[in-house]
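The values are calculated or read from the model by the stated rules, or taken from the named source; none is laboratory data. Keep in mind that what you see is a predicted model, and the values were worked out from it rather than measured. Note that we place each Cβ from the backbone using ideal geometry, even for glycine, and neighbour counts take in every protein chain shown.
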Amino acid sequence: MKRLLPFAFYLIVFASAAQKPCDFSSDVTDSIGTYKSTREYAFHERIFGSSRAHIFFSLVKTDDLPTLNLTFITKSNDFIKANCLDKNSRIYFQLANGKVVTMVYGGDDSCGTVVRDQKGMNNRIQTAVFLFMRDSFQELKNSPITMMRIRFSTETIDYIVKSSFVSEADAKTYTPETYFMDNLHCILN
């Protein structure tokens, strides 16, 4: 029994330290530099009647600069209000441990693009790059997210982060609450 106790301890430690495998959509190293990007991950989904709103995350590392890429997709038969991003835009993540992590928008002023599809629906597509603040990685790696606040140029929108949901778009299960805990190691190594 005394011999099994240390073995069980090491087994528990290694099992808890195991990380999800990285799923990259791009992983390129050439004479210009290095570029890695994880696959887009459904972080938020809201479907009400004929209106749909989706937020997708992907983690990107360009040379030694890690960033969070967001894609906002909104579909509706009605007019879609623009939520523009500018130099003052931020994302705030409220963590389960009570801390708040801030990320800064790293792009030009943008309100996205509106496209009308074959079914006559309006689609607003917007991409954004957010920069990690120094020392935020450890907090994101160690604590689940409970809430996300995005400060746009004209308003601030809060999103309650679900522990998991099944996407109506692809019927896959997503766990946004632990997104950084599961994936941040992919761009930090």
- Where residue 138 falls short, out of the listed (1) in contact (Cβ under 8 Å) with a residue 40 or more places away in the chain; (2) more than 19 Å from residue 25 (Cα to Cα); (3) assigned to a helix (DSSP H, G or I); (4) not basic (Lys, Arg): (1)
- Item | Yes/no for residue 51 being modelled with pLDDT of 95 or more and hydroxyl-bearing (Ser, Thr, Tyr) | no
- Task: Restrict the check to region 54-65 and report whether at least one residue is in contact with a Ser or Thr (Cβ under 7 Å, 6 or more places away or on another chain) and on the phi > 0 side of the Ramachandran plot.
- Result: yes
- Query: Is there a residue being of a type in the set (A, V, I, L, M, F, W, C), within 12 Å of the chain's Cα centre (by Cα) and outside any strand (DSSP E or B) anywhere in region 83-104?
  - Reply: no
- Those residues of region 105-129 which are among the hydrophobic types (A, V, I, L, M, F, W, C), part of a loop (DSSP other than H, G, I, E, B) and under 16 Å from the mean Cα position of the chain (by Cα), in sequence order: none
- Query: What residue, of 112, 106, is at positive phi and touching a residue at least 12 places away in the same chain (Cβ under 8 Å)?
  - Reply: 112
- When you look at residue 166, is it of a type in the set (A, V, I, L, M, F, W, C), under 15 Å from the mean Cα position of the chain (by Cα) and at pLDDT 95 or above, yes or no? no
- Item | Close pairs from region 62-83: first closer than 21 Å to residue 148 by Cβ, partner exposed (fewer than 15 other Cβ atoms within 10 Å of the Cβ) and among the basic types (Lys, Arg), Cβ under 9 Å, at least 6 apart | 74/81
- Task: Give region 36-50 a look and list any residue that's surrounded by 15 or more Cβ atoms within 10 Å (Cβ to Cβ) and over 23 Å from residue 163 (Cα atoms), or say none.
- Result: 36, 37
